[in-house]
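Quick notes on the structure that follows.
The values are calculated or read from the model by the stated rules, or taken from the named source; none is laboratory data. As the structure is a prediction and not an experimental result, all values here were calculated from the model. With ideal geometry, Cβ positions are generated from the backbone for all residues, glycine too; neighbour counts draw on all protein chains shown. Areas reflect the complete protein model, heavy atoms only, side chains present, ligands, DNA and RNA absent. Shrake-Rupley method; radii C 1.70, N 1.55, O 1.52, S 1.80 Å.
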Amino acid sequence: MPDLKQTVAEFGWPRVIIFLFLVALFVLAPFVGVRLDDSLTNVLNRFGQNAVFVLAMVPMIQSGCGLNFGLSLGIIAGLLGGILSGQLGLAGAAGFFGAIALASPFAVLLGLGYGKLLNKVKGEEMTIAMYVGFASVMFMCIMWLVLPFSNPTMIWGYGGKGLRTTISVEKFYRGVLNNFLMIKAGEHLRIPTGTLLFDALCAYLMWGFLKTRTGTAVTAVGSNPDYARASGLSVDRMRTVSVVISTFLGAVGILVYQQSYGFMQLYGAPLQMPFAAVAAILIGGASVNKASMLNVILGTFLFQGLLTMTPSVINAALQTDMSEVVRLIVSNGIIVYALTRKTRVAK
Amino acid sequence: MGQDSPLLSVEHVSKDFYGNVVLEDVCFQLRAGEILGLVGENGAGKTTLMRILFGMPVIAETGGYKGGVCLDGEEVRFASPFDALDAGIGMVHQEFSLIPGFTTTENIVLNREAMRGSVLNAVFGERMSALDRAAMKGKAESAIARLGVKLDPDMLVSEMPVGHKEFTEIAREINREKTKLLVLDEPTAVLTESEADILLKTLRKLADQGIAIIFISHRLHEVVELADRIVVLRDGGVVKDLPNEGVSVRDIASWMVGRSVAADRAASADGRRIGDEILKVEGLWVDMPGEPVDGASFSVRQGEIFGIGGLAGQGKLGIPNGIMGLYPAGGEVSFRGKTVPLNAPRTALETGLAFVSEDRRGVGLLLDESLEWNVSFTAMQIQGKYLKSILGGLVRYRDEAAMRKLTQEYIELLDIKCTGPEQKAKQLSGGNQQKICLAKAFALKPDLLFVSEPTRGIDVGAKKLVLDTIKRYNRDYGTTIVMVSSELEELRSVCDRVAIVDEGGIAGILPPTAEPAEFGLLMSGVSPTGAGPAGGEPDGAKEARRA
Ligand SMILES: Nc1ncnc2c1ncn2[C@@H]1O[C@H](COP(=O)(O)OP(=O)(O)OP(=O)(O)O)[C@@H](O)[C@H]1O
Ligand SMILES: [Mg+2]
């Protein structure tokens, strides 16, 4: 059956295998005592939390800057926005959208600088991005301590100075999106409609952007910079545009994540987040220089599905708590696999 | 001519790309020491057939092939090019496969080491250190000497002009002792005529040493001159397989296209209006590796077709690349009396200039994108065309329908062989890619168009088509054309005036009716008495002539 074989080949074997594995986990779950509706709620929640991060990978992949391992920079901008919004005492929808607005200038400025740096290191973007991510997280570890924030719910109880490692957003903007139009079915099933709609909106805007003149230029720059230059484009400018958008989406992403998860995590927390997003988009079938909305949606779903289902089913089956170990193996394994398969830039 | 049993026999080979049949039941045989000329139109399947012979991964990735290939009487099915190399097949690809950051020497010698043994990096590194540089250079130099050309063994590939790259590749292939069969896919396309002559002589010598050669070229006279046997492919099938006795270029051309080809030279006196000076270039220098320009001055008149010829490396390619801002340049360029700033590709395009680059895969195409994108992209970016308003003009999206329509028009106009506007540019055959580059420039509707090597790698039928299209474009829209080409004949058949570049400057300008010998003299650096006032232009004498 050449037709089936070809369809599968186009879809990609890894995706088919992961998909089948995921289905198997869902089928298996009830037998080891994991409720299906619980699992579904979990998967949807995590999908909603993470989709914007994965989306943030798209512009830089398209412009030829590779995978954004320095997404932490955007996450930091988002954290700053969130904290400022809390400091100003904004709450609810005003708190959430206020946080995005307050994060924007940071995201844009950091993105501009980051873009400039990446333009200086063409060909080595991903390595440098990783350093940028790590360095900025470490730098912020100091800043979180010394920045003069004073809202008592955010700073350490003792000493009265320095931000806590985890700050509850309960009083700020918890569930602003998640609870919007939430669908409740039975005891356990909760569908975070608002978050999913917001993700969809972001994806739609990105899709639209890629169809504009600038979006087309960004893609062409990634596809063949010499061609783009001969067509009168400034390659560096287009790359910077993509980096700024990616960084901004990182900021939005962390705020979406917080309103669903319920906490802001400062200090070392932003360190690992880019990796999950990288793994997800690679599973979704993107290469280091081409990514589509389909890759984003599919990748987030498969990766987060795997990350939620594997530990819970395995824990229940083996009666031990290995969730963290399994999670690490799964996510890093996927990154390694995907990178070895996909780093060959077609040129 | 060698022993009787064939060295290579291709038996009933068929190949399709996802249902698109490109080779069908191809059979032919080749004996040791024999030279086979393989000809066919663009997209006839020549490169694909050679890729099958050489075990290129694209073939397996796209579903393999049917039929068999026998080498020395044994059926072979190479899993990778390395197996093919081990079996004694050498290949010079239509597209370069050199390492840009390495020198001539390193490319010639290193790849040879890699071919012998493993590709493992560790092993590779060890061998590197075991070799001494002087010996490497010696080997490379002897290979270059065998070719009979001048190449700098220490030059980086990334800085070489295309002609040198081609010779480096050929040197690499002929330097391997084991080689029994050498495949050359359009090796002469990027060479000047004199360079090509050298290559043909070398190939004949190699054949006399017992190496079998498959030679692919669109320059049919070369095939007639060199080949022992000629195989003609048309639409994926062998339509002729005969010894090269009493075969003429005209015969081959008609077999290729399946109808007779008229070798007419259209008279250019067809009511075109040639106006005043439109482009003036003074003291132009361009820092283009391998093709430096140093103090070139000339002027082009509105509506004319101005040719620029000369030997490789003398700077003819540097001229359009410099004016279009692709390489650092200086000097005075004015268009319609206004100064064109140099080193600014966008401004040059906005002024109404356009350029078809000689480096179609490097600069000319978005290989991973569709033909639609390739054709309409520049016009979209520079002129805001092929965009449609959304949300009452707030945002503008790509107008994919308009892009498709435009591309479809050019596919028909230029007879581009493809499955449709959505096909990826990298899947097209070399010649059809060239046509896409032309379509891209035409879509800009420029006032002045630079075309650099427009017919490189395209077949006889298509060549006439492309040249006719250029001429028609010139006639219908009054577009001024500056055509840079290595083929003097082509320039003489199309242009109103032909400038010859030598050592970075204009050596002289001649009317196309001038004797070939006069052009030859200009190219060799001697300024003949006749070259000066060009094409009967009184102001032609003002052209700067360099000593
Ligand atoms: N990877 C690919 N995927 C799909 N189609 C392909 C691919 N490679 C080649 N083709 C198609 O196969 C046909 C034959 O191409 P091929 O490159 O063999 O032509 P050719 O005879 O070498 O032409 P040219 O003289 O222009 O180089 C073309 O129609 C081309 O579009
Ligand atoms: Mg070819």
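Within the range B:305-314, is there a residue that is within 8 Å of chain A (Cβ to nearest Cβ) and at positive phi? No; the residues of the range B:305-314 include none that is within 8 Å of chain A (Cβ to nearest Cβ) and at positive phi.
Within the range B:127-136, one or more residues are on the phi < 0 side of the Ramachandran plot, modelled with pLDDT under 80 and surrounded by 19 or more Cβ atoms within 10 Å (Cβ to Cβ).
The rows are residues; the columns are (1) within 16 Å of ligand 2 (Cβ to nearest atom); (2) within 24 Å of A:Ser234 (Cβ to Cβ).
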position	(1), (2)
B:Val363	no, yes
B:Gln383	no, yes
B:Ser389	no, no
B:Gly392	no, no
B:Arg398	no, yes
B:Leu428	yes, no
B:Asn432	yes, no
B:Ala441	no, yes
B:Leu444	no, yes
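Quick check on my filter: what residues within the range A:252-300 are of a type in the set (Ser, Thr, Tyr) and more than 14 Å from every other protein chain (Cβ to nearest Cβ)? Residues satisfying the conditions are A:Tyr257, A:Ser260, A:Tyr261, A:Tyr267, A:Thr300.
Restricting the search to helices (runs of 4 or more DSSP H) fully inside the range B:413-511 and requiring at least 2 residues that are within 13 Å of ligand 1 (Cβ to nearest atom) gives B:430-443, B:460-477. Exactly one residue among B:Val26, B:Val58, B:Val69 is within 12 Å of ligand 1 (Cβ to nearest atom) and touching a Leu at 6+ places or on another chain (Cβ under 7 Å), and that residue is B:Val26.
Residues that are assigned to a helix (DSSP H, G or I) and either among the aliphatic types (A, V, I, L, M) or more than 6 Å from ligand 1 (Cβ to nearest atom) (or both) within the range B:36-52 comprise B:Leu49, B:Met50, B:Arg51, B:Ile52, listed in sequence order.
Filter the range B:411-464 for residues that are of a type in the set (Gly, Ala, Ser) and under 22 Å from B:Leu38 (Cβ atoms); which is modelled with the highest pLDDT? Ranking the candidates gives B:Ser429 first. Please go through the range B:463-491 and pick out each residue that is open to solvent by 10 Å² or more (accessible area, probe 1.4 Å) and in contact (Cβ under 8 Å) with a residue 40 or more places away in the chain. Matches in the range B:463-491: B:Lys463, B:Lys464, B:Leu465, B:Asp468, B:Lys471, B:Arg475, B:Gly478, B:Ser486, B:Glu487, B:Leu488. Just one residue in the set B:Arg396, B:Arg497 is modelled with pLDDT of 90 or more and surrounded by fewer than 19 Cβ atoms within 10 Å (Cβ to Cβ); that residue is B:Arg396. B:His12 fulfils the conditions (1) within 16 Å of ligand 2 (Cβ to nearest atom); (2) in contact (Cβ under 8 Å) with a residue 24 or more places away in the chain; (3) not small (Gly, Ala, Ser) except for a single criterion, (1).
Let's see how each residue does on (1) open to solvent by 30 Å² or more (accessible area, probe 1.4 Å); (2) polar (S, T, N, Q); (3) without any contact (Cβ under 8 Å) to a residue 24 or more places away in the chain:
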position	(1), (2), (3)
B:Gln314	yes, yes, no
B:Leu317	no, no, no
B:Pro320	no, no, no
B:Met324	no, no, no
B:Gly330	no, no, no
B:Arg336	yes, no, no
B:Thr339	yes, yes, yes
B:Pro345	no, no, yes
B:Glu350	yes, no, no
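Entry remark, the range A:182-217: residues being over 16 Å from A:Val52 (Cβ atoms) and among the aromatic types (Phe, Trp, Tyr) number 0 in total. The criterion of at least 3 residues that are surrounded by 16 or more Cβ atoms within 10 Å (Cβ to Cβ) and within 14 Å of chain B (Cβ to nearest Cβ) is met by none of the strands (runs of 3 or more DSSP E) falling completely within the range A:144-243. Looking at the range B:205-246, what strands (runs of 3 or more DSSP E) fall wholly within it and have at least 3 residues that are outside the structural domain of B:Ile170 (by TED's automatic domain parsing), crowded, with 19+ Cβ neighbours inside 10 Å and modelled with pLDDT of 90 or more? Those strands (runs of 3 or more DSSP E) span B:212-216, B:229-234.
A search for C-beta distances below 7 Å between a residue of the range B:21-34 that is under 22 Å from B:Gln427 (Cα atoms) and any residue that is open to solvent by 10 Å² or more (accessible area, probe 1.4 Å) and among the hydroxyl-bearing types (Ser, Thr, Tyr), counting only pairs 6+ apart in sequence or on different chains, returns B:Val22/B:Thr48; B:Leu23/B:Ser14; B:Leu23/B:Thr48; B:Glu24/B:Ser14; B:Asp25/B:Ser14. Of the residues making up the range B:400-417, just one is within 16 Å of ligand 2 (Cβ to nearest atom) and either open to solvent by 40 Å² or more (accessible area, probe 1.4 Å) or of a type in the set (Gly, Ala, Ser) (or both), namely B:Lys417. Of the numbered criteria (1) more than 16 Å from the chain's Cα centre (by Cα); (2) buried (at least 23 other Cβ atoms within 10 Å of the Cβ), the one B:Asn432 fails is (1).
So that you can scan it fast, the table gives a plain yes or no per residue for (1) surrounded by 24 or more Cβ atoms within 10 Å (Cβ to Cβ); (2) at pLDDT 95 or above; (3) assigned to a loop (DSSP other than H, G, I, E, B):
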residue	(1), (2), (3)
A:Asp37	no, no, no
A:Leu40	no, no, no
A:Val43	no, no, no
A:Arg46	no, no, no
A:Val58	yes, yes, no
A:Gly66	no, no, yes
A:Phe69	no, no, yes
A:Ile76	yes, yes, no
